Each structure stands twice: as C-alpha cells, then as structure tokens.
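J.: Dropping the structure in here first, questions after.
The values are calculated or read from the model by the stated rules, or taken from the named source; none is laboratory data. Given the structure is predicted, the values throughout are model-derived calculations rather than measurements. We place every Cβ from the backbone using ideal geometry, glycine too, and count neighbours over all the protein chains shown. When the accessible area is computed, the model is the full protein with side chains, heavy atoms only, and any ligands, DNA or RNA have been set aside. Shrake-Rupley method; radii C 1.70, N 1.55, O 1.52, S 1.80 Å.
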Amino acid sequence: MFAIREKTQNSFLFLVFLTTTYLSYIFGVLYYVSPTGPDYYYYEKYFKYFYGQVIRTDLEQGLLYYFSTSFVNVFRSEYLNSKNNLEFISNSIQTTNFIYYLMGVIGIGFLLKSLKFKTSIVLVVMTLLNFFPPLYEMRLYYKPEIIIFPTLVWSLIFLNNYIETQEVKYLILTIAPLSIIFTSKANTALMVGIYLCLFYL
C-alpha cells in the first residue's frame, strides 16, 4: 500500500515538474526579449561572426555557446525580416538556453539519486530549480554562463562515479565537460577550478 502511494506521489511530482518546466520556458519566450538584456550588444558580434558578417570578434569567450544559438537561429532564417528579427533571435537564445538548462536539471536529478536522495525529494528540487531566480535569469540572457550549469553538474557526476568505482572511463568522461567549462569564460572557469581543487584534490 505504501509503495503504491509513493509511486502515485512520484508520478504527480513528475507531472508537476514537466508542467512547470514547460510553463517557465513559455513565460520567458512570451514576456522577455533577450536582445534587450545586459551585454547583448557586446556579444552580438558572435552572431555576425557565424553569419560571415565579420571576420573576427576580438572577444575572449569560447565559441560553443554562441555557435549553438546561431545554429538554432539558422533553422528559421528564411522567415527573418527587419520586423521580427529581435523576436526570432530572442527565441533562438532562449531555446538554446533551455536545452542546456534541461541537460543540467536532468543531471541534478541523476546526481541527487546517486547521493541516495528519495525520488520525491529529487523531483521537488528539480521543480524548484525551474523558478530559482539566478538560474532562470541565465535562461533569459545571451551569456555563456548557462553552458557552465550542465557541464559542471555532469562533471561532478562523473568524478563521483570515478571516486566510488575507480573506473578510468568516468575520469575520461570528465574531459569534455571540463574542457567546455575552462574554455567558455575565464572568471567562471577560475571559480570552478577552485571549487574542484577544494573538494576533490
């Protein structure tokens, strides 16, 4: 009886998580225009770079995040015009950010489960993350910090698995996400590096 009640509760919490995830995405797309956010016109050079409008950006950021947003925007480039340009770019930014966010929040779920948290607690935490202000802010802005979220989470998962099992494959799996972190943004890479040194070395 208890198992049935727990399963029902988990199913309900999972449905709440899916609903709030979708609604939080739609709310951002409908009510916030990302190109009006801070630093957009500073980073706008990356759009121009990937569309061949400039040869170089003269900026120090890693390219993966900016390539992702440009790639998503290309899918609907045939519909772009001077009237809807900002809305299309905004939607591309938020869609890309949402994909990275989903990778991160799913990683949080795996991380908490590996730490033996109950499924109900994991789902509540994942739901609350949908409206956690700093994280929600990252989902709206055209900034590379959002890509740090999933890569850091999955790096921690792989490192914890390596420590627990001593299997080298998990150590190898950390190379890709850590490489993305350390080449995305210098100040964020420094903070992550200090954290990893303090807690893992």
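J.: Could you check the stretch 88-136 and list, in sequence order, the residues that are open to solvent by less than 50 Å² (accessible area, probe 1.4 Å) and of a type in the set (Phe, Trp, Tyr)?
T.: Residues satisfying the conditions are Phe88, Phe98, Tyr100, Tyr101, Tyr136.
J.: I need every pair where a residue in the stretch 43-59 that is aliphatic (A, V, I, L, M) has its Cβ under 6 Å from the Cβ of a residue that is modelled with pLDDT under 85, sequence separation at least 6 or different chains.
T.: Val54/Lys48
J.: Output the residue which, of all residues in the stretch 1-36 that are open to solvent by 80 Å² or more (accessible area, probe 1.4 Å) and charged (D, E, K, R), is modelled with the lowest pLDDT.
T.: Per the criteria, the residue is Arg5.
J.: A follow-up question, please. Counting residues that are under 24 Å from Ile146 (Cβ atoms) and open to solvent by 80 Å² or more (accessible area, probe 1.4 Å), which helices (runs of 4 or more DSSP H) fully inside the stretch 159-201 reach at least 2?
T.: Of the helices (runs of 4 or more DSSP H) lying wholly inside the stretch 159-201, those with at least 2 residues that are under 24 Å from Ile146 (Cβ atoms) and open to solvent by 80 Å² or more (accessible area, probe 1.4 Å) span 175-184, 186-200.
J.: So for the stretch 16-26 (the condition being under 29 Å from Tyr142 (Cα atoms), more than 18 Å from the chain's Cα centre (by Cα) and part of a loop (DSSP other than H, G, I, E, B)), does at least one residue qualify?
T.: Within the stretch 16-26, not a single residue is under 29 Å from Tyr142 (Cα atoms), more than 18 Å from the chain's Cα centre (by Cα) and part of a loop (DSSP other than H, G, I, E, B).
J.: All but one of (1) within 23 Å of Asn84 (Cβ to Cβ); (2) surrounded by 13 or more Cβ atoms within 10 Å (Cβ to Cβ) hold for Asp39, so report the exception by its number.
T.: With respect to (1) within 23 Å of Asn84 (Cβ to Cβ); (2) surrounded by 13 or more Cβ atoms within 10 Å (Cβ to Cβ), Asp39 is out only on (2).
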